[in-house]
1. Looking at the stretch B:13-34, is at least one residue assigned to a strand (DSSP E or B), within 14 Å of chain A (Cβ to nearest Cβ) and either surrounded by 14 or more Cβ atoms within 10 Å (Cβ to Cβ) or at pLDDT below 95 (or both)?
2. Hey, can you tell me all the residues within the stretch B:101-131 that are part of a helix (DSSP H, G or I) and farther than 19 Å from residue B:12 by Cα?
3. Please work out which residue is farthest from residue B:266 (Cα to Cα), limiting yourself to the stretch B:235-254 and to residues that are more than 12 Å from the chain's Cα centre (by Cα) and in a loop (DSSP other than H, G, I, E, B).
4. Just one of A:248, A:236 is assigned by TED's automatic domain parsing to the domain that holds residue A:285, farther than 24 Å from residue A:8 by Cβ and in contact (Cβ under 8 Å) with a residue 40 or more places away in the chain; which is it?
5. Which members of the stretch B:41-55 meet the condition of being touching a helix residue (DSSP H, G or I) at 6+ places or on another chain (Cβ under 9 Å), more than 25 Å from residue B:277 (Cα to Cα) and either assigned to a helix (DSSP H, G or I) or without any contact (Cβ under 8 Å) to a residue 12 or more places away in the chain (or both)?
6. Quick check: is even one residue across the stretch B:221-236 buried (at least 24 other Cβ atoms within 10 Å of the Cβ), more than 14 Å from chain A (Cβ to nearest Cβ) and under 19 Å from residue B:338 (Cβ atoms)?
7. Residue A:176 - would you say it is farther than 22 Å from residue A:327 by Cβ, within 10 Å of another protein chain (Cβ to nearest Cβ) and at pLDDT 95 or above?
8. For the stretch A:67-92, give me the residue count where each residue is within 15 Å of residue A:166 (Cβ to Cβ) and within 18 Å of the chain's Cα centre (by Cα).
C-alpha cells in the first residue's frame with residue numbers, strides 16, 4: 001500500500017428539499033455572493049427563483065452562460081473581474097460540474113493579483129481562494145466533493161485539470177430532484193464520466209481488496225441506476241444513488257493507498273474536447289474500451305479478469321484472456337446500450353488532427369512516466385488508441 | 001434514500017514513517033500539548049520516545065494509564081483538570097480507540113465550565129473543544145475518523161457513546177507498522193469491532209446498492225486481512241488494509257442515505273462491558289450472531305440472503321432461510337476461527353445479572369423505537385439475546 005495524505009472537508013447536505021439550508025450555509029461566509037450558472041436550465045426548473053428568494057437578505061451578483069468544458073476566456077476572466085470589482089465574499093455555483101469547475105478557478109483567481117492562468121497551469125500555487133458553495137443539478141463530475149476543476153483555453157487547445165486544496169467546496173447541496181429534468185444524453189454522459197473516474201482508479205498496479213470492492217460497487221450502482229433513470233427520469237431512488245455514486249468519483253477515496261494510475265483516458269479525452277468541444281463523458285466512453293484493448297497484456301490481464309468477474313458477472317472459470325475480452329466488450333456494450341455514440345466520427349471528429357492531438361497529449365500529460373501511469377503510453381500508443389476510436 | 005448531512009473534516013496521513021509530519025501538524029495548534037496514552041505499550045515500541053523527540057520544541061504534559069473502556073473517573077476528570085490548570089492548546093492522543101475516545105471527552109470537558117458528564121450524557125451540548133491529533137496504534141474503533149467516543153462510568157454501570165462535531169480529530173497519523181506488535185487477542189477483537197460497525201449499518205430497512213457494496217467490501221477485506229495478520233503480525237499490506245478498513249467504521253460513510261439501524265449490538269454490548277469490563281470487540285462478536293438469529297424473519301430474510309451470498313459466497317440457489325442460517329453460522333465460525341471466545345461464560349459473565357442488564361439497556365438505549373431501529377427490541381428480546389449468548 002502506498003502512503004497517502006487525504007482530506008475532504010466538504011459538507012454534503014443531501015436529499016429532497018435540503019435547499020432550505022442555503023441561508024444558514026451562506027451566512028457565515030459573508031454578505032456579497034456571486035451566483036454562477038450556465039445556460040439557464042436552472043431558470044426552467046424554478047431553482048434560480050428559489051435561490052434568489054432564499055438569499056433575499058444577501059447582496060447578489062451573477063455570472064451566467066458558463067459553457068460545458070468551461071472557458072478561461074470569457075467565463076473565468078469575467079468571474080474574477082466581478083469578484084474583484086465588487087469585493088465578493090463567496091461564490092454560489094448552481095449547476096453541473098462545468099459551472100462548479102469554472103467557479104473554482106474564479107474563486108482562486110479572485111484572491112490572486114496576476115493572470116488566473118498562472119494558477120490553472122500551476123505556474124503559481126494559490127495561497128487563498130473565495131469560499132465556494134454549490135447546488136448541483138447534474139450527477140457526473142464529482143467536482144462537488146473534490147478540490148479540482150478542468151478549464152479550457154480555446155486559442156491554445158489546452159484543457160487543463162488543476163487541483164488545489166483551497167478549492168474544496170465548503171458545502172455541496174445535493175438534491176436529486178434537480179436532476180429529474182437532465183436529458184437522456186446528459187444522463188448517459190454523466191454516467192460514463194463517473195464510470196471512467198472509477199475505472200481510472202481501479203486499473204492500477206497496486207490496489208487493495210477494499211478499494212477494489214468500493215470501485216466495483218460504484219460501477220455496479222452507476223450502471224444499474226442509469227438504466228432506471230433513463231427509463232424513469234423522475235425515479236428518486238435511482239437519481240439519488242447516481243448523485244452519490246458520482247460524488248465519490250474524484251476526491252481519491254476510491255483509491256487511497258493505490259499506486260498512481262495516471263488517469264490516461266482523461267488525459268486523452270481532454271485533448272478531444274479541447275480541440276473539438278465534444279461532451280466530456282461521451283469522449284471518455286469512446287476512448288475507454290479502446291484504451292483497455294490497447295493495454296491488455298500478460299501484466300494487466302488479471303486486473304481485467306477481476307473487473308470482468310466482479311463488475312459484469314463473467315464466469316470466472318473461463319480462460320483469462322477470454323474473460324478480459326468479454327469484460328472490455330461488456331464495457332463497450334453498456335455505453336452503447338445507454339445511447340452513447342461510440343465512435344469519434346459520430347461526435348464529429350475525423351482523422352485529420354489525430355497526430356496533432358496525440359503529440360499535444362504526449363507533450364503535456366506525462367503518460368510515458370512508468371512510475372506515474374499503470375501502463376505508460378508513448379505518442380504512438382496514444383495515436384493508436386485515437387485511431388482505434390474513430 | 002434518506003436525507004443526510006455529512007462532513008468528516010479529519011485529515012488522514014497514512015503510511016510507513018508518516019510520523020515525521022507530526023511537528024508540522026501540531027504547530028498551528030499551539031505550544032502546550034497534552035499527550036494522552038494507555039498502559040505503556042507505546043514506550044515498548046519506541047513511539048513515546050519518538051514523539052518526545054519530534055515535539056522537543058513544544059511544552060509537553062502527559063496523561064497516562066487510560067484504560068480500555070476508558071473511564072470518566074479518573075481519566076476524563078484528570079485530563080480535564082490538567083488542561084484547565086495548564087491552559088493546554090491541543091491534545092495528542094497516542095494509542096488505540098480508548099485513548100482517543102477518552103481524549104475527545106477531555107477535549108470537550110476542557111472547554112466547559114461544568115461537570116464533563118453533562119456533555120457526555122447530552123445534558124449540555126458542547127460549544128467548543130480543544131483540537132485533537134492522534135497517532136493510532138490499534139486498528140479497531142474508527143475513532144480516528146469520527147466525532148464520537150464511548151466513556152464508562154463505573155459507579156452507575158453507564159457506558160455512553162456520545163458524538164459531537166467539535167470532536168473530529170484535526171489529523172490522524174496512521175502508520176500500520178505501529179500495529180505489528182498488537183496481540184492476537186486484540187487483533188481479533190479489533191476485527192470483530194470493525195466488522196460489527198459495518199454489520200450494524202448493513203442491516204437496515206432502506207439501503208443502496210452503493211452502500212451495500214461498500215459494506216461487503218469492507219467486511220471481506222477485514223476477514224481476509226485479519227487472517228493474514230494473525231499468522232504474520234508484521235505483514236505490512238494486511239495491517240495497512242486493516243487500518244484503513246477500520247477507519248471507515250463509524251463516521252457514517254458506509255451508510256449515507258440508509259434508514260436508521262439503531263446499532264443494536266453496540267447498545268447491548270455497552271452494558272456488558274459497563275457491568276463486567278470485558279473487551280468490547282469480543283462482546284460484540286458474541287452478541288452479533290445471536291442478535292442475527294433473533295431478528296431473522298420474513299421481513300429481514302432477504303437482507304441475510306444478500307449478506308450471505310455477497311460476503312461469504314454462499315450459493316444463491318439455496319432456499320432463502322437456508323442461506324440466512326448459513327450466513328449467521330459463517331459469521332459465528334469466522335469469529336471463532338480468529339480465536340474469539342464465543343460465549344459470555346468464557347469472558348466471565350454468568351446469568352446472574354442478565355435481567356438487570358436487559359432492563360438497563362431497554363431503559364437507556366431506545367431499541368424499541370420502530371423508526372430508529374431495523375428490528376425493534378423489547379426488554380424481553382434483549383434478555384433473550386443475552387441468554388442465548390451465555
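The values are calculated or read from the model by the stated rules, or taken from the named source; none is laboratory data. As the structure is a computational prediction, the values presented were derived from the model and not from experiment. So basically every Cβ, Gly included, is an ideal-geometry build from the backbone, and we count neighbours across all protein chains shown.
1. Yes; the residues of the stretch B:13-34 include at least one that is assigned to a strand (DSSP E or B), within 14 Å of chain A (Cβ to nearest Cβ) and either surrounded by 14 or more Cβ atoms within 10 Å (Cβ to Cβ) or at pLDDT below 95 (or both).
2. B:102, B:105, B:106, B:107, B:108, B:109, B:117, B:118, B:119, B:120
3. For the stretch B:235-254, the residue satisfying everything is B:235.
4. A:236
5. Those that are touching a helix residue (DSSP H, G or I) at 6+ places or on another chain (Cβ under 9 Å), more than 25 Å from residue B:277 (Cα to Cα) and either assigned to a helix (DSSP H, G or I) or without any contact (Cβ under 8 Å) to a residue 12 or more places away in the chain (or both): B:47, B:48, B:49, B:50, B:51, B:54.
6. Checked the stretch B:221-236: no residue is buried (at least 24 other Cβ atoms within 10 Å of the Cβ), more than 14 Å from chain A (Cβ to nearest Cβ) and under 19 Å from residue B:338 (Cβ atoms).
7. yes
8. 0
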